[in-house]
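Below: the structure, in structure tokens.
The values are calculated or read from the model by the stated rules, or taken from the named source; none is laboratory data. None of these values were measured; they are calculated from a predicted model. Ideal geometry is used to build each Cβ from the backbone, glycine not excepted, and the neighbour counts take in all protein chains shown.
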Amino acid sequence: MNIIDIITKTKKTQPLSTEEMIWLVNSYTSGDIPDYQMSSWLMAVCLNGLTEEETVTLTLAMRDSGEKVDMSNIDRFTVDKHSTGGVGDKTSLIIGPAAAACGIAVPKMSGRGLGHTGGTIDKLESITGYRTEMELSEFFDIINKTGFSIISQTGSLCPADKKIYALRNSSGTVDSIPLICASIMSKKLALGSEGLVLDVKCGSGAFMKNCGDAHRLADIMERVGVSAGKKCRAVITDMDAPLGSCVGNALEVREAVEILRGEKKDKLYDTCIFLTANMLELAGKGSYDKCAEMAQKAISSGKALEIFQKTVELHGGDPRICDDTSLLPQPVFSHELRASRDVEILSVNSEEIGMASLLLGAGRISKEDQVDLSAGIEMHCAPGDKISMDAPLMTLHSSICSDFSEAAVRAMKAIRFRDI
Ligand code: URA
């Protein structure tokens with residue numbers, strides 16, 4: 001086999017055989033194929049796509065490039081949830097304990113934020129002492145105690161994806177449905193949960209900006225999951241505006257605690273109930289309506305909060321943040337943006353809010369960047385709201401950046417309004 005033939009086949013939209021796909025993934029991972037040839041193949045995929053069969057083969061070859069996690073020693077039905085990434089998406093911190101409170105186990109391995117999207121591991125690290133890295137035996141132990149745990153993805157899982165994803169980032173080949181599918185699903189399949197709910201985000205802050213692409217990605221990911229033997233369901237949720245009212249790591253943990261305490265019943269709460277109900281239904285806990293009721297009760301009874309608190313403690317984190325969120329990192333500087341006249345908010349572009357938050361220090365442009373855990377944006381307005389002159393639109397927070405001018409311009413650019 002040789003790489004030129006493989007690039008040529010994909011360029012001419014001729015499907016690769018299983019053997020060719022496995023050879024390609026293994027040869028690139030081992031360093032036998034150089035970056036320039038692999039990026040040429042990736043660009044051919046971006047332009048011509050892959051067949052469903054090729055997408056499955058690519059996913060499985062990437063899954064098989066590293067370690068696989070055996071979850072058979074977890075004593076409940078295991079369901080993982082994966083979001084394709086967004087702004088203000090802290091659902092994992094809420095649905096994990098809520099689903100665990102209803103009797104299933106939620107073992108999650110998550111990543112860090114990059115660009116305008118946040119990462120669950122950064123959010124959890126804003127809890128003093130919380131360990132995101134541990135031996136798998138301890139991870140399983142926590143899950144068997146509380147039903148829920150989130151750790152950082154182990155380095156030995158899917159090395160092929162690690163290498164290919166870095167190359168896609170630097171070769172303009174991220175936005176390809178088969179490549180996104182293979183990247184996400186290889187990692188999810190290597191982590192051997194029995195069920196998987198895929199939350200495909202659609203809108204300005206998501207990879208998939210329109211509904212057609214979101215449906216295509218959801219469809220292929222679900223098919224790949226099912227063909228690999230997982231109970232798998234993909235759902236589509238809105239990412240046009242930021243999810244909830246907080247964007248930034250400690251701010252999002254605070255908001256998750258507020259939801260778990262039953263203090264907020266907004267769009268974030270509804271999205272969490274929807275995702276938890278889908279996880280429970282997939283695990284055979286009953287009809288969707290019954291599962292949604294169970295999820296609501298898990299929060300209103302305080303059981304989900306109790307599980308979250310216990311899990312934080314078992315990870316070495318400060319459990320007192322559940323009673324007193326002021327123990328989370330607090331910003332040194334804050335700046336409020338107010339309406340200059342009476343307006344109605346038409347839309348809030350989540351990508352722009354994510355970028356403004358990044359400028360405040362809440363995210364990273366390259367993998368090596370340090371994150372300011374206290375930084376971010378609190379939104380005081382959402383699409384449809386009527387805001388009077390001088391009322392606050394949002395508050396910007398940071399501990400490393402006292403000059404808010406650039407972030408403020410970016411954040412204001414996110415809001416479309418009309419005078420009333
Ligand atoms: N998340 C991933 O892990 N991979 C992609 O390609 C896109 C989002």
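Key figures for this structure:
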| read-out | value |
| --- | --- |
| Residue among 24, 58 that is under 23 Å from the mean Cα position of the chain (by Cα) and not assigned by TED's automatic domain parsing to the domain that holds residue 227 | 58 |
| Failed criterion for residue 91 (all others in (1) in contact with a Cys (Cβ under 6 Å, 6 or more places away or on another chain); (2) more than 16 Å from the ligand (Cβ to nearest atom) hold) | (2) |
| Residue check, residue 184 more than 13 Å from the ligand (Cβ to nearest atom), of a type in the set (A, V, I, L, M), within 30 Å of residue 315 (Cα to Cα) and in contact with a strand residue (DSSP E or B) (Cβ under 9 Å, 6 or more places away or on another chain) | no |
| Residue pairs meeting the criteria (Cβ under 6 Å; at least 6 apart or on separate chains; first over 15 Å from residue 86 (Cβ atoms), in the stretch 186-205; second acidic (Asp, Glu) and away from the ligand (no atom under 15 Å from the Cβ)) | 192/70 |
| One residue from 154, 173 being in contact (Cβ under 8 Å) with a residue 60 or more places away in the chain and more than 13 Å from the ligand (Cβ to nearest atom) | 154 |
| Out of 250, 283, sole residue that is more than 19 Å from residue 98 (Cβ to Cβ) and in contact (Cβ under 8 Å) with a residue 40 or more places away in the chain | 250 |
| Any chance residue 131 is in a loop (DSSP other than H, G, I, E, B) and within 14 Å of the ligand (Cβ to nearest atom) | no |
| Residue, nearest to residue 418 (Cα to Cα), within the stretch 335-374, restricted to residues that are modelled with pLDDT of 95 or more and of a type in the set (Lys, Arg) | 341 |
| Boolean, residue 33 is over 30 Å from the mean Cα position of the chain (by Cα) and of a type in the set (A, V, I, L, M) | yes |
| Among the residues listed as 55, 84, 91, 59, the single one being polar (S, T, N, Q), within 30 Å of residue 277 (Cα to Cα), buried (at least 24 other Cβ atoms within 10 Å of the Cβ) and touching a Phe, Trp or Tyr at 6+ places or on another chain (Cβ under 7 Å) | 84 |
| Count - residues of the stretch 113-131 that are in contact (Cβ under 8 Å) with a residue 12 or more places away in the chain and buried (at least 20 other Cβ atoms within 10 Å of the Cβ) | 13 |
| Selected residue [over 29 Å from residue 317 (Cα atoms), crowded, with 22+ Cβ neighbours inside 10 Å and more than 13 Å from the ligand (Cβ to nearest atom)] from 225, 212 | 225 |
| Tally of residues being assigned to a loop (DSSP other than H, G, I, E, B) and either surrounded by fewer than 17 Cβ atoms within 10 Å (Cβ to Cβ) or β-branched (Val, Ile, Thr) (or both) across the stretch 344-379 | 7 |
| Number of positions in the stretch 301-343 that are assigned to a helix (DSSP H, G or I) and either surrounded by 14 or more Cβ atoms within 10 Å (Cβ to Cβ) or touching a helix residue (DSSP H, G or I) at 6+ places or on another chain (Cβ under 6 Å) (or both) | 18 |
